[in-house]
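Engineer: The structure is given below, and queries will be raised subsequently.
Every number here is computed from the coordinates shown, using simple stated rules; none is lab data. The structure displayed is predicted, hence computed values, not measured ones. All Cβ positions, glycine included, derive from the backbone under ideal geometry; neighbour counts span all protein chains shown.
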Amino acid sequence: MENIGEIIKKYKANPFEVYPVLTPHTGYVHLMVKLGQTVKRPIDPWQQKGGTLLYTILRQGNLKRIYAPIDGEIMDIKRELDEQFVEANTYLMSIRHPLTEDEIIDKILSDFLDIFRAPEAAKYYFVPELAKKIEERGLQKVIIQPGEEILIMSRMKRDIHLVYEGKPGIIHTVYFRPNVTIPEGEPLLGICPPERVSFINDLVQRIRLEWKV
Amino acid sequence: MPKILIANRGEIAIRIMQACKELGLDYIAVYTKEDEASLHVRRAIEERGKESVFRISSYLDPNEFLEVADYTKCDAIHPGYGFLTENYRFARRLAIRKRPLIFIGPRWEVLREFGSKINTKCIAKRLGIPVVPGSDKPIYNEIEAENIALELFHRQWEEGIKRPAILVKASMGSGGMGIEEVTHPIELRRVYRRLRQYVKRQFGDEDVLLERKFPVFNHIEVQLVCSQHGEAVHFGTRNCTIQSVFRQKRIEVAPAFNHNYKYQFDPEEVTKRAIQYSLKMADYVGYDSVGTWEWIVTPEGQLYLLEVNPRIQVESGVSGSITKIRHLPVGVDLVKEQIRIALGEKLGYKQKHISFHGASIEFRLVAEDTKCGFKPWGGTITKFQLPKYDWLKVYTHVPSDRPYSIPSDYDPNLALAIVWGRDIEEAKERGEKFLNEIKIEGKNQEASIVTNIEFLKEKLKKIQMFE
């Protein structure tokens, strides 16, 4: 835990991340923000209210409103694409996002949790039984046991059930999103053995204190 | 000149491009981010320019194809195989929208019947055509599924079958996807639940059916070509028995049976019956495109309808390569026939004008570990060289002049090779020569590339046999 101060110092020196904004599909885009504008992500659970409208995209008569996925400031906007037909995954702009305290904690914790990494580039889903438990009890209340099927790896049109082989632990952090291809070796889950929960909690407290200094 | 949107990827997209070129049609190609390095993208850019290629989010999103088709003013959409090919809602949408588009495939009403295995079985039963024993209507719960499964197991136990098994199948599945084997009734509920969840995610439909699994059989197919003007001909049969453990075909042979082998049945009589039944069903629904009727043949010569594939198939080329129409050279491109038919043309020939010459074998070269449950291999291909002969046709989306990373979203298919011979023995010899001369290298973080070449060589000796 000694080098925590160093790690925090590193984040404090550059507490930003840049998020590229790409079109989800084809269609005609209409940009709604300007360079340098501050944007906010939606605050309600349905990700609709209170957020800054970045752009709209019209496809087959359906207008989709795209809100800022994260708080930050617009940088490098492609104004020449305004009112144009674009392909899927077209780069429109970037958002410079100041990292929050919780995000810093998540990043630092990844060095202290047992990380379950993607064995292969694939899409990942929780097995239904585990998804149900998480929904009922909450993420950090579910203990997974060795030998238990925890994830479905969907790759090359095949489903492979992944069995957890580590020590019993709670799922502290989920790093993947369903329906998104995760590259090989990327973290999927941050797992914490029950006996280390107090250590992790202490760590979180320490990061909070040092971050404020 | 009609413009076609090619709503597919890889090898079939290349075959459609070739057909369009030979028919003098313009085309537009699409690709996803994962497919940027595919040869189908490069070929479209080289032939038609950058403005004829569009990046889309998914090959499964109908709105993506419609948006690109409208933007580029296409007249028709070719779905290829897989993805939206058997989606009747998509075909219907093309037909009834403000700016209608031609769906290169059967009418949507026909797709609705044949896109679902349950509907197909009902039609066959109505016409007195034998179907694989099992369920022929939607199953609503696990108890119902278990009762049907028990009945199928009991029948096999009564017949003295030592290791009975049944298959749980997605009604909308194709290409071997959504099929699982159950060897004891106790496993049924777990498999049933898992498969429903899988097929809902893959096909957006939860219907499954249960069927008896035959321990020994041949999987044969009848290739039909029917026009919008009531014409219907067959292009003979194929044998697709050599498959992976996931029931994906790996070797296809035309014709289906080897007349030099001694079968327990008369292969000519079985072939004739399969063709008659297929034409009867096609006539009943007013089939109006190319299509494949798939059959199970037992060692005793019993014939059961498995399913109908209302589309072009991966293996259609193997039938085309032994077919001759009138005085033209041997070799018919069924993709071209499919496009001509969809654009309203007449066939221009009758059954009596079609003849079959020689034998043909198709190999599907796949990056998979056949010794480890056909586990797909992912990584980067660094060397890919295939031999060239006048008796060999190869379709591939894998470039040979630069490294290529296999996308993780699709099957790790590398190439489709069709070998022709004056008879089946010559085709087998040539097939072995082709397989021996493939040069392929590749690696991922753990190991070198694994392919199914050895599996293909081994199984080549056993084609058209009952084992």
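Engineer: Would you mind ranking A:His25, B:His357, B:His327 so that the residue whose beta carbon has the fewest other beta carbons within 10 Å leads the list? Kindly include the intermediate steps, with their values, before the conclusion.
Structural biologist: Working: A:His25 21, B:His357 14, B:His327 6.
Ascending number of Cβ neighbours within 10 Å: B:His327, B:His357, A:His25.
Engineer: Another one. Relative to the Cα centre, what is the charge dipole magnitude of chain B, using +1 at the beta carbon of each Lys and Arg, -1 at the beta carbon of each Asp and Glu, and rounding to the nearest 20 debye? Don't jump to the answer; show the numbers that get you there.
Structural biologist: Working: 70 positive and 64 negative charges, 98 e Å.
The calculated dipole for chain B is roughly 460 debye.
Engineer: Suppose R0 equals 60 Å; then what is the FRET efficiency for B:Phe265 and A:Lys40 from their Cβ-Cβ distance, rounded to the nearest 0.05? It would help to have the intermediate numbers written out before the result.
Structural biologist: Numbers: r = 74 Å, r/R0 = 1.23.
For B:Phe265 and A:Lys40, the calculated efficiency is 0.20.
Engineer: Each residue of the stretch A:22-31 in order: what ³J(HN,Hα) in whole Hz does its phi give by Karplus 6.51 cos²θ - 1.76 cosθ + 1.60, θ = phi - 60°, with x for Gly and Pro?
Structural biologist: Couplings: 10, 6, x, 7, 6, x, 9, 9, 10, 6 Hz.
Engineer: Which whole-number percent of Cα pairs in the stretch A:103-212 have a distance greater than 21 Å?
Structural biologist: Details: 2229 of 5995 pairs.
Distances greater than 21 Å cover 37 percent of the Cα pairs.
Engineer: For an R0 of 22 angstrom, estimate the FRET efficiency from the Cβ-Cβ distance between B:Glu159 and B:Lys462 and round to the nearest 0.05.
Structural biologist: On the way: r = 26 Å, r/R0 = 1.16.
After rounding to 0.05, the efficiency reads 0.30.
Engineer: Which one, B:Val330, A:Thr23, A:Thr173, is farthest towards the positive end of the dipole of the protein assembly as shown when Lys and Arg carry +1 and Asp and Glu -1 on their Cβ?
Structural biologist: Most positive-ward Cα: B:Val330.
Engineer: If each residue of separation counts as 0.36 nm, what is the full-extension length gain between B:Ser448 and B:Glu300 once their alpha-carbon separation is subtracted?
Structural biologist: Working: separation 148, 0.36 × 148 = 53.28 nm, distance 4.39 nm.
Contour length minus Cα-Cα distance gives 48.9 nm.
Engineer: Moving on to the next point. Which value, in debye to the nearest 20, describes the size of the charge dipole of the stretch A:53-189 about its Cα centre when Lys and Arg Cβ atoms bear +1, Asp and Glu Cβ atoms bear -1, and nothing else is charged?
Structural biologist: Details: 18 positive and 23 negative charges, 99 e Å.
Roughly 480 debye, rounded to the nearest 20.
Engineer: Give me the count of lysine pairs in the stretch B:7-120 whose alpha carbons sit under 26 angstrom apart, restricted to pairs 8 or more positions apart or on different chains. Don't jump to the answer; show the numbers that get you there.
Structural biologist: On the way: B:Lys21/B:Lys33; B:Lys21/B:Lys50; B:Lys21/B:Lys73; B:Lys33/B:Lys50; B:Lys33/B:Lys73; B:Lys50/B:Lys73; B:Lys73/B:Lys98.
The result is 7.
Engineer: For the ranges B:293-301, A:108-116, what's the packing order if you count other beta-carbon atoms within 10 Å of each residue, average per peptide, and put the highest first? Each step should come with its number before you reach the end.
Structural biologist: Details: B:293-301: 20.0, A:108-116: 17.1.
Answer by packing, highest mean first, reads B:293-301, A:108-116.
Engineer: Here's another thing I want to ask about it. Considering every residue in A:156-167, what mean count of other chain Cβ atoms within 10 Å of its Cβ is obtained? Before the final figure, lay out each step's value.
Structural biologist: Details: counts 15, 14, 8, 6, 3, 1, 0, 0, 0, 0, 0, 0.
Whole-number average of other-chain Cβ neighbours for A:156-167 is 4.
Engineer: Residues of the stretch B:62-80 with the amide nitrogen closer than 19 Å to a label point 7 Å from the Cα of B:Leu328, along Cα-to-Cβ, please.
Structural biologist: Output list for this probe position: empty.
Engineer: Ok, one more. Taking a ≥ b ≥ c as the square roots of the eigenvalues of the Cα gyration tensor of chain B, is the shape rounded (a/c under 1.5), prolate (a/b larger than b/c) or oblate?
Structural biologist: Details: a/c = 1.25, a/b = 1.20, b/c = 1.04.
Because its axes are fairly even, with a/c under 1.5, chain B counts as rounded.
Engineer: Listed here are the pairs B:Lys388/B:Lys428; B:Lys3/B:Lys439; B:Lys371/B:Lys461; B:Lys121/B:Lys249; which of them are more than 27 Å apart at the Cα?
Structural biologist: On the way: B:Lys388/B:Lys428 16 Å; B:Lys3/B:Lys439 37 Å; B:Lys371/B:Lys461 18 Å; B:Lys121/B:Lys249 22 Å.
Listed pairs above 27 Å: B:Lys3/B:Lys439.
Engineer: So what is the diffusion coefficient of the stretch B:218-357 in µm² per second by Stokes-Einstein at 20 °C and 1.002 mPa s, using a Kirkwood Rh over Cα pairs?
Structural biologist: Working: Rh = 15.3 Å.
It comes out at roughly 140 µm²/s.
Engineer: So if R0 is 45 Å, what FRET efficiency would A:Arg208 and B:Tyr71 give, r being the distance between their Cβ atoms, rounded to the nearest 0.05? Walk me through the numbers before you get to the answer.
Structural biologist: Working: r = 51 Å, r/R0 = 1.14.
For R0 = 45 Å, the calculated efficiency reads 0.30.
Engineer: Another one. Going through the stretch B:262-366, which trypsin sites (Lys or Arg not before Pro) have at most 15 other Cβ atoms within 10 Å and a DSSP loop state? The partial results should precede the final answer.
Structural biologist: Working: sites: B:Lys262, B:Lys272, B:Arg273, B:Lys280, B:Arg311, B:Lys324, B:Arg326, B:Lys336, B:Arg340, B:Lys346, B:Lys350, B:Lys352, B:Arg364; in loops: B:Lys262, B:Arg311, B:Arg326, B:Lys346, B:Lys350.
Hits after loop and neighbour filter: B:Lys262, B:Arg326, B:Lys346, B:Lys350.
Engineer: Then there is this: What is the average number of partner chain Cβ atoms found within 10 Å of a Cβ in A:49-61?
Structural biologist: Values: counts 0, 0, 0, 0, 0, 0, 0, 0, 0, 1, 7, 9, 4.
Mean number of neighbouring Cβ atoms from other chains: 2.
Engineer: Have a look at B:Ile16, B:Asn218, B:His397 and report the one farthest towards the positive end of the charge dipole of chain B, computed about the Cα centre with Cβ charges (Lys/Arg +1, Asp/Glu -1).
Structural biologist: Working it through, the farthest residue towards the positive pole turns out to be B:Ile16.
Engineer: Here's another thing I want to ask about it. Kirkwood Rh, the protein assembly as shown, all Cα pairs: how many Å?
Structural biologist: Working: mean 1/r = 0.0360 Å⁻¹.
Answer for the protein assembly as shown: a Kirkwood hydrodynamic radius of 27.7 Å.
Engineer: If you don't mind, there's one more thing I want to ask. Would you calculate the separation in nanometres between label points at A:His161 and B:Glu181, each defined as 7 Å from the Cα along the Cα-to-beta-carbon direction?
Structural biologist: With each label point 7 Å from Cα toward Cβ, the separation is 1.8 nm.
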